[in-house]
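**Student:** Questions regarding the structure given below will be posed in turn.
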Amino acid sequence: MTFSQETEARFERLLSSYPEGRHRAALIPMLMYAQDEVGLVTQELKEEVARRCGVTPLQVDEVVGYYTMLRSKPMGKTHLQICTNISCLLRGGDKLWDQACHKLGIGHNEVTADGAVSLEEVECIGACSWAPAIQVNYDFRHNVTPDQLDKLMDQLRGAQ
C-alpha cells in the first residue's frame with residue numbers, strides 16, 4: 001500500500017523516533033495518520049501498518065477494535081464529536097447533542113447523505129473545565145452555546 005509523500009515522511013519520522021524493536025509504540029499514531037489519508041482503516045491498511053511496526057495484523061485489529069477514534073467505516077469530510085459526559089451534560093451537552101441530531105438528521109456514528117458531516121456522541125474529550133465541549137475533526141471548541149453550534153453546523157453544511 002502506498003501513501004502520499006507527506007504521510008510517508010510522517011511515518012519515517014515516527015518510526016525513527018523509536019529504537020529498533022520498539023516500533024510497536026508507533027502503532028496508534030501511524031494508524032491515525034493513515035486513516036486521515038485513506039478515510040478509514042481497511043484490512044489492507046492494517047496489514048501495511050502491521051508490517052511497518054513489526055506486529056501481527058491481529059494485534060492491529062485489537063487496537064482498532066479498542067480505540068473509537070479508529071474507524072473501519074467511512075465518516076464525513078467533517079467529523080463532529082459532542083461530549084455528553086457528566087461535566088458537559090450538566091452544562092447542556094445533551095441539549096447540544098439533540099440539537100445536532102435534529103439539525104443534521106443523523107445520529108451516533110452516522111453520516112449525512114451528502115457525506116459532508118458525520119456525528120459522534122463521545123464520553124469525554126478532556127475539556128471538563130470548559131464544558132460543554134465539542135470537537136470538529138481535530139479542532140476543539142469550548143463553552144459551546146446552542147447558537148454557536150447552530151452557526152457551526154450551517155458552516156459545515158455550506159463548506160461542501
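The values are calculated or read from the model by the stated rules, or taken from the named source; none is laboratory data. These numbers come from a predicted model, not from an experiment. Don't worry about glycine lacking a Cβ; one is built from the backbone with ideal geometry, like all the others, and counts go over all protein chains shown.
**Student:** For the stretch 135-147, enumerate the residues that are closer than 16 Å to T68 by Cα and surrounded by 14 or more Cβ atoms within 10 Å (Cβ to Cβ).
**Tutor:** Result: Q135, V136.
**Student:** Would you mind telling me which numbered condition in (1) within 16 Å of C83 (Cα to Cα); (2) of a type in the set (V, I, T); (3) within 18 Å of the chain's Cα centre (by Cα) V144 fails?
**Tutor:** The failed condition is (3).
**Student:** Something else: Being touching a residue at least 60 places away in the same chain (Cβ under 8 Å) and surrounded by 13 or more Cβ atoms within 10 Å (Cβ to Cβ) is true for just one of L96, L45, L89, L80. Which residue is that?
**Tutor:** Within the list L96, L45, L89, L80, the selection yields L80.
**Student:** Which ranges mark the helices (runs of 4 or more DSSP H) fully within the stretch 45-116 that have 1 or more residues being among the hydrophobic types (A, V, I, L, M, F, W, C) and in the same structural domain as L31 (by TED's automatic domain parsing)?
**Tutor:** 57-66
**Student:** Any residue in the stretch 112-122 that is surrounded by 17 or more Cβ atoms within 10 Å (Cβ to Cβ), of a type in the set (S, T, Y) and without any contact (Cβ under 8 Å) to a residue 60 or more places away in the chain?
**Tutor:** yes
**Student:** Right, something else. Among (1) assigned to a loop (DSSP other than H, G, I, E, B); (2) in the same structural domain as I134 (by TED's automatic domain parsing), which single condition is P19 missing?
**Tutor:** Here P19 clears every test but (2).
**Student:** Considering only the stretch 125-142, state which residues are part of a loop (DSSP other than H, G, I, E, B) and touching a residue at least 40 places away in the same chain (Cβ under 8 Å).
**Tutor:** I125, A127, A131, P132, A133, N137
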